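All remarks here apply to the structure that follows.
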Amino acid sequence: DAIPSADQIRITTSLKSQRGSVWTKNKSIFEHWEVEVTFRVTGRGRIGADGLAIWFTEEQGLEGPVFGAADKWNGVGIFFDSFDNDGKKNNPGVIVVGNNGKLLYDHQNDGSTQALASCQRDFRNKPYPVRVKITYYQKALTVLINNGFTPDKEDYEFCAKVEDMVLPSQGYFGISAATGGLADDHDVLSFLTFQLTEPGKEVPTPDAEIPQKDKEKYQEEFEHFQQELDKKKEEFQKEHPDVQGQPGKLFERFFTDDLFETVGDRELRQIFEGQNRIHLEIKQLNRQLDMILDEQRRYVSAVTDEIAKRGAGFPGQQGQVSQQEIETVVKTQEEVIRQVNEIRNSVAEAVRSISAAQHPGAAAGGYDTTQHFNDIKEHLHVVKRDIEHLVQRNTPSNEKSKCPDLPPFPSCLSTMHFFIFVAVQTVLFIGYIMYRSQQEAAAKKFF
């Protein structure tokens, strides 16, 4: 089910029960090697399946039940398992499983009984491609992972390591994937293989790596191509006799047209590259939007299930809960409106106070205060005159007026007590006027 394209290979599409794999045609003869794989695993669901595997085996495992490849392999498989079969909540994860060609992969336990090393990493629906670096050097297998959260290609972190691991001296590299009841798109963007050489040892020459039969075949193909080229040259010279004797200019024109681009070609290339980048960004935004919509649907589904459970456990209260929530919201809004009205009234009162203080008629405040003092004095004089008249009327003419003895409840008031009362009242009134003046001055300074 693998689908190749110009920039990637889709090992499996997001359809149920798909299997796909890609293998090298020739065996690798490297004693020590390193592979760098770039891939994407994307799906609409919160959980995906089944996963992706990177292989180094003695024979090609073209199709089978182990992530799309054959079982009982002789070599090693690095499995990127998306689905949690054993229910231990340790997926998505990376598992390293070795095999001597006799073991059957334990699907039900996610290979935990056969794993030589493992780590738990989430490689699904990442903003950038996930990168894996697998190194086999001196019987030690190391797995490093770039989790796809940053565009930095060298941001690897350690995942797993297996010591004393014996692999076939020659084998095939491959990558496979499979889907089950759930499905993801498994896309491979690159698969790079490197030979590792021990320090101090010379790198084998290319001639030593190519078999003699292949060299002879390539030599025959080169000679055939050279003959075809000579024929094309002769035909061109026959069709264009005017350019005979000037092959240098002819080739100069051809190479100039091919190697140097014009201003228009450069602008078109830049426009195409810009559109290509915009297209990639739109695809990325579309994937992120799909993820957000999926999470939203999941949350809505969870809330709906919870409300349904409450309604089933407490019949007739679902509508009541909704009514209570509505009343709470209404009360909250009324409280907010009340507080806003209070703030507005306070501001209006402050504005009125400032306007009154800044009004031209405010200068008459001193006159009003003086008039108020005069009124108080006049009333005090009237009260004093009435009290003296009463004392004189009740006292005989031949006796000196004096205040009687203080009864339990005094029936008259002495002059001293009267003036003390007047003084206290005057002090309180002056203090109130000063306090009010300070308040108005502070309000003016604030505004």
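The values are calculated or read from the model by the stated rules, or taken from the named source; none is laboratory data. The model shown is predicted, which means the values in this text are computed figures rather than measured ones. Backbone-built Cβ (ideal geometry, glycine too); neighbour counts: all protein chains shown. Accessible surface is based on the protein model in full, side chains and every heavy atom, while ligands, DNA and RNA are left aside. Shrake-Rupley method; radii C 1.70, N 1.55, O 1.52, S 1.80 Å.
Condition test on residue 63, is it open to solvent by 10 Å² or more (accessible area, probe 1.4 Å) and touching a residue at least 60 places away in the same chain (Cβ under 8 Å)? Spelling it out, it is not the case that residue 63 is open to solvent by 10 Å² or more (accessible area, probe 1.4 Å) and touching a residue at least 60 places away in the same chain (Cβ under 8 Å).
Within region 44-60, restricting attention to residues that are not in a loop (DSSP other than H, G, I, E, B) and not hydrophobic (A, V, I, L, M, F, W, C), the residue that is surrounded by the most Cβ atoms within 10 Å (Cβ to Cβ) is 51. Out of 89, 102, 72, report the one residue that is basic (Lys, Arg) and either open to solvent by less than 10 Å² (accessible area, probe 1.4 Å) or free of Cβ contacts under 8 Å to residues at least 24 places away in the same chain (or both). Of the residues listed, the single one that is basic (Lys, Arg) and either open to solvent by less than 10 Å² (accessible area, probe 1.4 Å) or free of Cβ contacts under 8 Å to residues at least 24 places away in the same chain (or both) is 89. For region 177-213, filtered to residues that are in contact with a His (Cβ under 9 Å, 6 or more places away or on another chain) and of a type outside the set (A, V, I, L, M), the residue that is modelled with the lowest pLDDT is 198. The condition (being touching a helix residue (DSSP H, G or I) at 6+ places or on another chain (Cβ under 7 Å) and either at pLDDT below 85 or of a type in the set (A, V, I, L, M, F, W, C) (or both)) is satisfied by just one residue among 244, 237: 244. Out of region 111-120, which residues are in a loop (DSSP other than H, G, I, E, B) and touching a strand residue (DSSP E or B) at 6+ places or on another chain (Cβ under 7 Å)? 111, 114, 120 - these are the residues of region 111-120 that are in a loop (DSSP other than H, G, I, E, B) and touching a strand residue (DSSP E or B) at 6+ places or on another chain (Cβ under 7 Å).
Of 41, 76, 35, 22, all but one fail to be closer than 30 Å to residue 295 by Cα, assigned to a strand (DSSP E or B) and among the aliphatic types (A, V, I, L, M); the exception is 41. When residue 74 is tested against (1) more than 17 Å from residue 188 (Cβ to Cβ); (2) out of contact with any Pro (no Cβ under 9 Å at 6 or more places or on another chain), only condition (2) is not met.
The condition of being within 24 Å of residue 166 (Cβ to Cβ) and at pLDDT 90 or above does not hold for residue 29.
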